[in-house]
Amino acid sequence: TPAGETQSVDSVRYHKLLSVLDRSLSAVVDTFKLEDLSTVFPDLAREIPAKLADSHEQISTYIRNSANSDFQAILMQYEMAEKLASLDGLVKEAAERKLASEERPIPSLSPESINRNRSVAIKRAELARLKARLEQ
């Protein structure tokens, strides 16, 4: 979409990512407490507590807005909305195919069975080679 336009995304994964980012950002901003700022600047807290509280609010808002802006830039740079919407579509298609039984499920093979199958083929080839040598 052109710069400045907002995009409506129906991706469940994208909305969950935004929710996690928002909760994480809130957790970070919530750790920045006025009491801690008052401890760092005890004279200001004592002499002009209202101004220190305003400063705390401004700093908190700046941190939230700046980090949110950075997150949005990263989401746009990596085209997360489109990619997660595409992933949602793939998952939905796979679930529909599974329900419609259009595809046979791929059997789960253990590493041991894969190696055994490879070694059987190698052993058969070696056996055939040895038989041919004996017949000479």
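The values are calculated or read from the model by the stated rules, or taken from the named source; none is laboratory data. These numbers were taken from a predicted model, which means no experiment stands behind them. For neighbour counting, all protein chains shown are included, and Cβ atoms are generated from backbone atoms with ideal geometry for every residue, glycine included. Calculation scope for accessible area: heavy atoms of the full protein, side chains included, ligands and nucleic acids excluded. Shrake-Rupley method; radii C 1.70, N 1.55, O 1.52, S 1.80 Å.
Summary table below
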item	result
Hits in the range 37-49 (condition: in a helix (DSSP H, G or I) and open to solvent by 80 Å² or more (accessible area, probe 1.4 Å))	Thr39, Val40, Asp43, Arg46, Glu47
Odd one out for Val29 among (1) open to solvent by 70 Å² or more (accessible area, probe 1.4 Å); (2) farther than 21 Å from Val12 by Cβ; (3) of a type in the set (Val, Ile, Thr)	(1)
Test: residue in the range 97-108 that is touching a helix residue (DSSP H, G or I) at 6+ places or on another chain (Cβ under 7 Å) and either of a type outside the set (Phe, Trp, Tyr) or assigned to a helix (DSSP H, G or I) (or both)	yes
Residue among Arg116, Arg124, Arg129, Arg64 that is among the charged types (D, E, K, R), touching a residue at least 12 places away in the same chain (Cβ under 8 Å) and in a helix (DSSP H, G or I)	Arg64
